[in-house]
Amino acid sequence: QEILLQLKEEITEVEYNRYIKQLDYDSKKSTSDLAVYYAPNTLVCNWIKNKYTSKLEHLFEVKTSNNVTVKITLKDSFDKRKTKKKEEKPTSKSLLNPSHTFDNFMVGGSNQFAYSAVKSVSEKAGEVYNPLFIYGGVGLGKTHLMQAAGNVFQDQGKSVIYTTVEQFLNDFIRHVRNQTMDRFQEKYRKCDVLLIDDIQFLSNKDTIQEEFFHTFEALKGAGKQIILTADKHPKKIGGLEKRLQSRFEWGLVADIQPPELTTKIAIIEKKSEINKVKLSKDIINYIATVIESNVREIEGILSKLHAYSQLMHVDIDLDFTKNVLKDQMQEKTANLTLDNITKFVAKDLNIKPSEITSKGRAKNLVYARRISIYLCRELTQNTMPQLAQYFGMKDHTAISHTIKKINSLIENDEDFKVKIDELTNKLTTNV
Ligand code: ADP
Ligand code: MG
């Protein structure tokens, strides 16, 4: 409750009263590294989950110096999952989203291959593709599919660990600090199924790669199933040990492509049914054509449509939808500022934002700076002189020189073009 009140300070009163106030804390189910809150319905649940989970986790971390996972859920689904499990193993980090099931996943040409691969793994753990490596862009359903398999395994009574590279790393650091590495190893090497999300974040982190390598070897040796996801093919993840890269390709590598129009329509229909939002055919078609590919964005729009229509006591018609979507698009471009783009590029390339705007001449800094300048020029309305000032360059000719250079790289270097497309995509589709 205290944490919720702290959150109140950071958000508007309306937001607090409409959403956060409806949360119920469950002190029985919560532990020192898990906080469980119940939401009254799916809509509020999804809305809070998407918007406030990381804020809440941050507040917990500040308050308790623990790495706390915040779980927002519906009371029923939490209880159901708990009672289904046969033996209680330490699972705070393995909590899977119960609505990430195969049934809720719409299959089309774009994701058929990945879907079939995960499905067959879920039917024959450790026997068919091990590891199974899924890769594809943001919001295309990688986590959903991986957890769908996890839910199947969990229902069979297997011990499943679901974690992101980031959580794995934090957990590792905590155990090193507490000198309990034996417990860490026990936990990750004794599970039946290990699901690790967003493997690309292993890039350039040598210590955790080493640890992960041994975990991998132990599990694989014992015939335990491993499923991994990343935003790109293992070959394209830079800063990854050769031995890991080759192991990632041992089983099967499957890609997910952006959904085609028909799949998008099926997804919207499914999501509106799950969230009990009634939408007519023309509205569904409209959303499907406006949203390029990111399915998470589709969910955001459905929640927004529902919330707005309730708040304003109006039906969701096409005009109303258009307005809400316009709003959403503006919000998205409002996030594209020079600072945000620079920060994003810095994070992606593992350097500090201040190094990008510094005068440093190291090769990787110059590379990052050029990319940032190019993206800022493409994605914001800033003029060349403004960019020159921001990036500490002499004048606008230095900027136009950089942009020419990048353009010719894009034309001549396929890998570089892929990188630029990927960054542009992420910057413009992340909600
Ligand atoms: P990723 O991990 O690839 O970034 P997620 O798995 O988190 O993407 O998917 C984002 C959201 O979109 C999730 O809520 C997921 O349920 C939904 N989603 C993605 N693809 C599909 C699909 N084919 N059918 C139904 N829902 C989907
Ligand atoms: Mg994901």
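The values are calculated or read from the model by the stated rules, or taken from the named source; none is laboratory data. Note that the structure is a prediction, hence the values are computed from the model and not measured. Neighbour counts run over all protein chains shown; Cβ positions are idealised from the backbone, glycine included.
Provide a single number: the residues in region 115-135 that are within 16 Å of ligand 2 (Cβ to nearest atom) and either at pLDDT below 95 or among the aliphatic types (A, V, I, L, M) (or both).
3
Residue-wise test of (1) closer than 21 Å to Ala254 by Cα; (2) of a type in the set (S, T, N, Q); (3) away from ligand 1 (no atom under 16 Å from the Cβ); (4) assigned by TED's automatic domain parsing to the domain that holds Lys419.
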| position | (1), (2), (3), (4) |
| --- | --- |
| Tyr135 | yes, no, no, no |
| His144 | yes, no, no, no |
| Arg174 | no, no, yes, no |
| Gln179 | no, yes, yes, no |
| Asp182 | no, no, yes, no |
| Leu195 | yes, no, no, no |
| Asp198 | yes, no, no, no |
| Ala218 | no, no, yes, no |
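Are there any pairs with C-beta distances below 9 angstrom linking a residue in region 325-344 that is under 26 Å from Thr289 (Cα atoms) to a residue that is polar (S, T, N, Q) and assigned to a helix (DSSP H, G or I), with the two at least 6 apart or on different chains, and if so which?
Lys332/Thr428; Lys332/Thr429; Thr333/Thr428; Leu336/Thr428
What is the residue count in region 166-196 for residues that are without any contact (Cβ under 8 Å) to a residue 60 or more places away in the chain, part of a helix (DSSP H, G or I) and not hydroxyl-bearing (Ser, Thr, Tyr)?
Total satisfying the criteria: 15.
Does Ile410 count as surrounded by 14 or more Cβ atoms within 10 Å (Cβ to Cβ) and either without any contact (Cβ under 8 Å) to a residue 24 or more places away in the chain or more than 28 Å from Met329 (Cβ to Cβ) (or both)?
The answer is yes for Ile410.
Among Lys332, Lys326, Lys343, which is at pLDDT 90 or above and either of a type in the set (A, V, I, L, M) or assigned to a helix (DSSP H, G or I) (or both)?
Lys343
Going through region 222-272 one residue at a time, which ones are within 16 Å of ligand 2 (Cβ to nearest atom) and among the polar types (S, T, N, Q)?
Thr229, Gln257, listed by residue number.
Among Thr163, Thr143, which is part of a helix (DSSP H, G or I) and within 16 Å of ligand 2 (Cβ to nearest atom)?
The unique qualifying residue is Thr143.
Does Val176 satisfy the criteria of being under 24 Å from Ala148 (Cα atoms) and among the β-branched types (Val, Ile, Thr)?
no
Please specify each residue of region 283-317 satisfying the condition of being more than 25 Å from Ile256 (Cβ to Cβ) and modelled with pLDDT of 90 or more.
The answer is Ile283, and nothing else.
Pull out all pairs, ordered by first then second residue, where Cβ-Cβ is under 6 Å, the residues are six or more apart or on different chains, the first lies in region 282-311 and is closer than 14 Å to Val44 by Cβ, and the second is within 16 Å of ligand 2 (Cβ to nearest atom) and assigned to a helix (DSSP H, G or I).
Note: pairs meeting the criteria are Ser303/Asn46.
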